[in-house]
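Here the structure is laid out as structure tokens; the discussion comes afterwards.
The values are calculated or read from the model by the stated rules, or taken from the named source; none is laboratory data. The shown structure was predicted, so the numbers you read here are calculated from the model rather than taken from an experiment. Using ideal geometry, Cβ is built from the backbone for each residue, glycine included, and neighbour counts are taken over all protein chains shown. Side chains included, ligands, DNA and RNA excluded: accessible areas come from the protein's heavy atoms. Shrake-Rupley method; radii C 1.70, N 1.55, O 1.52, S 1.80 Å.
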Amino acid sequence: MDFTLLSSPLQGFTDFRFRNAQNKYFGGIDTFYAPYIRLNGKLVIKSSYERDLLPENNSSLEVIPQVITNDADEFLFVAKYVRELGYKELNWNLGCPYPMVTKSGMGSGLISNTEKINHILDRAHSETDIIVSMKMRLGYDTTEEILDVLPILDTYPIKNIAIHARIGKQLYKGGVHLDAFQQCIDNTKHKLYYNGDITSVAKFHEMQQRFPSIDHWMIGRGLIANPFLPSMIKNNTTEYPKNKMELFSAFHDTLYEGYSESLSGQTHILLKMHHLWEYFSVIFSNPHKVHKNIKKSKSIRNYEATVKEVIAQEK
């Protein structure tokens, strides 16, 4: 069965620099979702969002912008903005689990508010020609919350609904709710994409067998931890390429160079790279030791030397 691999957006990680580097050195992702635009009541697009979506920064990628909001005017403002940049689709985030988002009644904190969801979709479809797609969790408190939303979504020509098979309250802890995801398949006419815990080729095959009708698969944290994963899934192999560390090293250096140019000051750059290594260390034979060594590097010179060392040791 043919299938499509998508990159699930992760705030602070999957910006255009990461997307371009992953695509250049590893490939395997068919479509990237950009991290969400959040307006916070002001109808102004921040320059960081602007840079992330500029067509010239995404020229070799297929990218879909995303918005997080509980306000119809904000949705329409972002829809108009991305249309002007040449994008035809806008993904609406009802999945983010972070308390600072959900407490404001956005992301997965909006799923139980069916009235507001209906109102925003009504205006989105009657006042703009943007194609709307959704990214959701199963609910915030319970996996049943989504079942009250699906009949509403069925009344709109939504392109697809990507569902991360957890509830918001879980954040990223605990397992995915596969029976609840199956209930969604059984209770909507819309095309569903699966998201959640695709962290290995074996895990992907397991999910494929569990949900034979699904042909679009979203990889989130698994992509950051292992940028080789999409191409390994596509090639149906558990073997890394022979030049694994050379590829990873080139990927790392491209990212590091990009962030060194765009971030101001050693502290910001190191913080960014330390966060990435929380994930990157997974593909090394001793992840804990690698992460610990990277975290100990408190200066740029020290960081660069440590990275060289851990890569050389792995080779």
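Contact map, the range 233-257: first residue part of a loop (DSSP other than H, G, I, E, B), second residue among the aromatic types (Phe, Trp, Tyr), Cβ cut-off under 9 Å, separation 6 or more or different chains; pairs are Tyr240/Phe228; Pro241/Phe228. Met1 passes every criterion in (1) open to solvent by less than 50 Å² (accessible area, probe 1.4 Å); (2) among the aliphatic types (A, V, I, L, M); (3) modelled with pLDDT under 95 apart from (1). When we screen Pro230, Pro212 for residues that are closer than 29 Å to Val132 by Cβ, out of contact with any Gly (no Cβ under 9 Å at 6 or more places or on another chain) and either surrounded by fewer than 22 Cβ atoms within 10 Å (Cβ to Cβ) or not polar (S, T, N, Q) (or both), the only hit is Pro212. Quick check on Thr114: is it touching a residue at least 60 places away in the same chain (Cβ under 8 Å) and either open to solvent by less than 50 Å² (accessible area, probe 1.4 Å) or in contact with a Pro (Cβ under 9 Å, 6 or more places away or on another chain) (or both)? No, not satisfied. In the range 36-63, the residues that are farther than 26 Å from Ser108 by Cα form no Cβ pair under 6 Å with any partner that is modelled with pLDDT under 95 and open to solvent by 60 Å² or more (accessible area, probe 1.4 Å), whether six or more places apart or across chains. Note on the range 38-47: residues that are out of contact with any helix residue (DSSP H, G or I) (no Cβ under 9 Å at 6 or more places or on another chain) and open to solvent by less than 80 Å² (accessible area, probe 1.4 Å) amount to 1. Restricting attention to the range 130-188, the residues that are basic (Lys, Arg) and surrounded by fewer than 22 Cβ atoms within 10 Å (Cβ to Cβ) add up to 3. The set of residues from the range 233-253 being within 27 Å of Lys159 (Cβ to Cβ) and open to solvent by 10 Å² or more (accessible area, probe 1.4 Å) comprises just one member, Lys234. Looking across the range 4-27 at every residue that is in contact with a strand residue (DSSP E or B) (Cβ under 6 Å, 6 or more places away or on another chain) and open to solvent by 10 Å² or more (accessible area, probe 1.4 Å), the one that is nearest to Glu74 (Cα to Cα) is identified as Pro9.
Of all residues in the range 50-62, at least one satisfies being in contact with a helix residue (DSSP H, G or I) (Cβ under 7 Å, 6 or more places away or on another chain), open to solvent by 30 Å² or more (accessible area, probe 1.4 Å), in a helix (DSSP H, G or I) and not hydroxyl-bearing (Ser, Thr, Tyr).
Residue count for the range 263-300 under the criterion of being part of a loop (DSSP other than H, G, I, E, B), of a type in the set (A, V, I, L, M, F, W, C) and either open to solvent by 90 Å² or more (accessible area, probe 1.4 Å) or over 21 Å from Arg17 (Cβ atoms) (or both): the result is 1. Could you list, in sequence order, all residues of the range 63-81 that are open to solvent by less than 60 Å² (accessible area, probe 1.4 Å), in a helix (DSSP H, G or I) and not aromatic (Phe, Trp, Tyr)? Listed by number, the residues that qualify are Ala72, Glu74, Leu76, Val78, Ala79.
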